[in-house]
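First the structure, in the form of structure tokens, and then the observations on it.
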Amino acid sequence: MPETMRAIRLTGPVDIDGLIVSDVPIPEVRPGWVRIHVMAFGVNESEVTSRKGESGPDFSLPRILGIEAVGVVDAVGDGVHLAPGQKVATLMGGLGRTIDGSYAEYTVVDAANVIPFKTDLGWDVVGALPEMLQTAHGAIATGLRLTAGQRILIHGGTSTVGLTAIAIAHQLGATVIATTRAPASIDLLKGVGADYALIDDEGLSETVAEIAPTGVDGVLEFVSARSLPAMLTLIRTGGTVCFVGSLADEWTIAQFSPFEIPNGVHLTSYAGRASDLPADALARYLATIEAGTLKIVIAGVYSGLDEVATAHRAFEGERRPGKNVVVLAAT
């Protein structure tokens, strides 16, 4: 085993060209933790924010970025029941924020945040999944408790998690209404499973009411906290609005009164944890992706740590729908 590995380790805020690969010590495994040989990872908004020095107090420097990874178990600490060579995914638990992350050949994580899996899918596909699949699954299963036959509105459908949520809700057997502000994205929304793809404009509420006169069963809100009052008016009695994220970077509502929540309508949020995506759920999703019945959108695939800067540039500049993935191993 060599003593060093290649990684992107930041000591302070940098621009994209500052995402430079260097040699750093390979991290030691400790009791209850797992060392993963990283094979692929997705690029996320959180990492861009951290790179720019705009993260909250839970982020510290120096730091290897990367809040998710897929790879194989390289070594385990005492008390961990995983075998070397096992394919695994990891996310959450401070990865890339309070502990060193996945922009590296190896990362060491708490075994509680490791999900084992088996699949013949390439690392380019699997690398896109952990964060967006966990968030979409958790928001639907835990946030909304959506069931077959119900109607769901996904407000902000062209986000990476929004697209994944559309696919999951469609597979579940729900009627899916999804929104976009770009007419060119209508076919994309329908292609991943939306029964209705709507333009998010001033007439949205009226159009949704025509589709679901008694109200939808659930809303996943990805656009803005400021949109929540309008979304609450579209829910049937007993239904739920779940706030998951804010594409507009508006996380609070000024002078919001709880009495704006209609009688009998539920308002919740979903932030997520790795355990919300158990291994059996991940296995089901992987099987459906392999079968072609669950559509995952990948914006671009980049080869090696030296291409991380290019992936960040595409993420910030092109904003193509889907996930940008960096692969460190042959697919």
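Observations on the model:
- Considering segment 248-331, the qualifying strands (runs of 3 or more DSSP E), each wholly inside and each with 3 or more residues that are buried (at least 20 other Cβ atoms within 10 Å of the Cβ), run over 323-327.
- Each residue in segment 190-210 was checked for being in contact with a strand residue (DSSP E or B) (Cβ under 7 Å, 6 or more places away or on another chain) and touching a residue at least 60 places away in the same chain (Cβ under 8 Å), and 1 pass.
- Residue match in segment 92-101 (condition: in a strand (DSSP E or B) and over 16 Å from Gly32 (Cα atoms)): no
- Residue match in segment 296-318 (condition: of a type in the set (D, E, K, R), outside the structural domain of Thr180 (by TED's automatic domain parsing) and under 16 Å from the mean Cα position of the chain (by Cα)): no
- The residue list Gly218, Gly245, Gly239, Gly193 contains one member that is modelled with pLDDT under 95, within 30 Å of Thr293 (Cα to Cα) and crowded, with 21+ Cβ neighbours inside 10 Å, which is Gly245.
- The set of residues in segment 38-73 that are hydroxyl-bearing (Ser, Thr, Tyr) and either more than 17 Å from Val24 (Cβ to Cβ) or at pLDDT 95 or above (or both) comprises Ser46, Thr49, Ser50, Ser55.
- Residue in segment 296-306 that is of a type outside the set (S, T, N, Q) and under 17 Å from Ile140 (Cα atoms) present: yes
- Test: residue in segment 97-105 that is surrounded by fewer than 19 Cβ atoms within 10 Å (Cβ to Cβ) and in contact (Cβ under 8 Å) with a residue 40 or more places away in the chain: yes
- Any hit, segment 156-174, residues being among the hydroxyl-bearing types (Ser, Thr, Tyr), out of contact with any Leu (no Cβ under 7 Å at 6 or more places or on another chain) and more than 21 Å from Tyr285 (Cα to Cα): no
The rows are residues; the columns are (1) of a type in the set (A, V, I, L, M); (2) out of contact with any strand residue (DSSP E or B) (no Cβ under 8 Å at 6 or more places or on another chain).
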residue: Ile8; (1), (2): yes, no
residue: Asp17; (1), (2): no, yes
residue: Pro25; (1), (2): no, no
residue: Arg30; (1), (2): no, no
residue: Val38; (1), (2): yes, no
residue: Ala75; (1), (2): yes, no
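- Only one of the numbered conditions (1) out of contact with any Asp or Glu (no Cβ under 7 Å at 6 or more places or on another chain); (2) surrounded by fewer than 24 Cβ atoms within 10 Å (Cβ to Cβ); (3) within 21 Å of Asn44 (Cβ to Cβ) is violated by Leu133, and that is (2).
- Segment 41-69 residues that are part of a loop (DSSP other than H, G, I, E, B), paired with ones that are among the aliphatic types (A, V, I, L, M) and modelled with pLDDT under 95 (beta carbon under 8 Å, 6 or more apart): Ile67/Met92
- Residue check for Leu232: assigned by TED's automatic domain parsing to the domain that holds Gly156, more than 30 Å from Leu129 (Cβ to Cβ), out of contact with any His (no Cβ under 7 Å at 6 or more places or on another chain) and buried (at least 16 other Cβ atoms within 10 Å of the Cβ): yes
The values are calculated or read from the model by the stated rules, or taken from the named source; none is laboratory data. Given the structure is predicted, the values throughout are model-derived calculations rather than measurements. Positions of Cβ are generated from backbone atoms using ideal geometry, with glycine treated the same way; all protein chains shown enter the neighbour counts.
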